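Q: Supplied in structure tokens, the structure appears directly below.
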Amino acid sequence: MDVKSKKVLVMGAARSGIAASKFLKAHGAHVILTDIKPAEKMADVEKELAGSGIETLWGQQPELKEINPDFIVVSPGIPLNIPPLSLAVKLQIPVISELELAYKFSKTPFIAVTGTNGKTTTTSLVGQLFQDVGRKVVVGGNIGLPLISQVENLTPQNLIVAEVSSFQLESTIDFKPRVAIILNITPDHLDRHGSMEAYRSIKAKIFANQTEEDFLVLNYDDPLVKELAFRAKSHVIFFSRKNKLEEGVYLDGGNLVINIGEGPVHISRPEEISIKGGHNLENAMAAVAAGYMMGLEPEEIRKTLISFPGVAHRLEFVAEINGVKYINDSKGTNSDASIKAIEAFQEPLILIAGGRNKGSDFVDLAQKIKERVSKLILVGEAKDEIKSAVLKNGFSDIYEAGDFQEAVNIASSLARAGDIVLLSPACASFDMFNNYEERGDAFKELVLSLRGR
């Protein structure tokens, strides 16, 4: 891709937008970086870009006909139906994500992971599998560093393991990973995508350009994912924790095995895997498929499965105080993720939930709360919606908090030795925090402050 002397509009001045702007400018493009945040909130960005020659435009939508860019790089958080991007489609101006830009400049094979839940854990585990055998790997995309800042440091012998969201896939054109993984598809981001079928179709873009030489790893137990096999040109490898498959990754006699047509190859026993819970067994199975198809030996895979500790903000152990365990699952930003978090424990649960709803009706979550949760603490914008759903299910042991400090204080006062206090919000963080990491860090800080009381 030759960008020299091209005029490029970069929309959104978060991490990926800034990284894309710097990369494009270094390659001779004329770059205009825009953000709807007012200028006074962009002082740090202006300082970072000082002397770079990158033009900036703050506090307004760009006038597309006036700028007349050759193409647009759009940040994941920006909906594609806003006026400038709708006009770009009419004017046939390409709109791409930073992921697509990185792919176009990369000489390195990709393993790409998507799904509603489990992306970060699976991406991190796949990256660890290859790092543990000495392979140079970059783990990024929707987590960590923007890929565009890394691709030129890599060779065809290296590997990129990318977590990719629906927001990033929405603006891909040629993106083609060597291995694509779809973990699950449950209701999420319907406030942006409109319908489940539209959401699923965007997820399916992860394998749209694959050929029969590539691999597509799919969850056999998820009907919405399983059916995507019929659309694939690539070699499909299923994984299942509920069914014994003719081919794929599954459980056989209590062992996790992979069978690609030559008989089952033993990898490990599920209880040996360090990350716990049925959903994490699925994540591990997907990682096994990717690692094995890219040449890793069974014993190499097993060693990583045993040692991999998991990721921050996903069923992360924070502390045990007075016999009460506190677990941070701030990355549980939708109902299905929180249901899986609840299912991971057998102990009595005090659940802290709430935030900004992303289109969930909370019906299934309410049923799981009734089955498994002893006390529910609600906080944030969606607390009334969740409260209504659980009351309809006959659960009434509900406490409301005005902020996170109060939520943790209530949990601490209610908890007894042997209980687990679980933060798994089933909602986005944007009503009170900038992102789920900030929310999780706040929870951890508040929990650790309990020790001094």
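The values are calculated or read from the model by the stated rules, or taken from the named source; none is laboratory data. Since the model is a prediction, treat every value here as computed from it, not as a measurement. Neighbour counts run over all protein chains shown; Cβ positions are idealised from the backbone, glycine included.
Q: Which of (1) surrounded by fewer than 20 Cβ atoms within 10 Å (Cβ to Cβ); (2) assigned to a loop (DSSP other than H, G, I, E, B); (3) modelled with pLDDT under 95 does A198 not meet, given it meets every other one?
A: A198 satisfies every listed condition except (2).
Q: So, in region 426-442, exactly how many residues are touching a residue at least 12 places away in the same chain (Cβ under 8 Å) and either within 14 Å of E320 (Cα to Cα) or not in a helix (DSSP H, G or I) (or both)?
A: Residues that pass the stated criteria total 7.
Q: Please determine whether any residue of region 89-103 is among the small types (G, A, S), closer than 24 Å to A162 by Cα, within 29 Å of the chain's Cα centre (by Cα) and assigned to a helix (DSSP H, G or I).
A: yes
Q: Please find, among L423, L414, the residue that is under 21 Å from E320 (Cβ atoms) and either crowded, with 21+ Cβ neighbours inside 10 Å or free of Cβ contacts under 8 Å to residues at least 24 places away in the same chain (or both).
A: On the way: L414 fails: either crowded, with 21+ Cβ neighbours inside 10 Å or free of Cβ contacts under 8 Å to residues at least 24 places away in the same chain (or both).
Only one candidate passes the filter, namely L423.
Q: Would you say F395 is crowded, with 16+ Cβ neighbours inside 10 Å, under 30 Å from G144 (Cα atoms) and aromatic (F, W, Y)?
A: no
Q: For A162, are the conditions met, namely being within 28 Å of L64 (Cα to Cα) and either surrounded by 19 or more Cβ atoms within 10 Å (Cβ to Cβ) or not aromatic (F, W, Y) (or both)?
A: No; evaluated as a whole, the condition is false for this residue.
Q: For the condition small (G, A, S) and either under 21 Å from the mean Cα position of the chain (by Cα) or at pLDDT below 95 (or both), what is the one hit in S268, S240?
A: Only one candidate passes the filter, namely S240.
Q: When only residues in region 338-362 that are charged (D, E, K, R) and farther than 18 Å from G277 by Cβ count, which is surrounded by the fewest Cβ atoms within 10 Å (Cβ to Cβ)?
A: Once the filter is applied, the top-ranked residue is D361.
Q: Another one. Would it be correct to say that N280 is at pLDDT 95 or above and either assigned by TED's automatic domain parsing to the domain that holds E347 or within 25 Å of A204 (Cα to Cα) (or both)?
A: Considered against the rule, which asks whether it is at pLDDT 95 or above and either assigned by TED's automatic domain parsing to the domain that holds E347 or within 25 Å of A204 (Cα to Cα) (or both), N280 comes out as no.
Q: (1) under 14 Å from D419 (Cβ atoms); (2) among the hydrophobic types (A, V, I, L, M, F, W, C); (3) buried (at least 24 other Cβ atoms within 10 Å of the Cβ): which one isn't true of L365, the others all being true?
A: (1)
Q: Of the residues that make up region 165-176, is at least one of a type in the set (K, R) and modelled with pLDDT under 95?
A: First, the residues of region 165-176 that are of a type in the set (K, R): 176.
Remaining after also requiring modelled with pLDDT under 95: none.
Looking for residues that are of a type in the set (K, R) and modelled with pLDDT under 95, one finds none in region 165-176, hence no.
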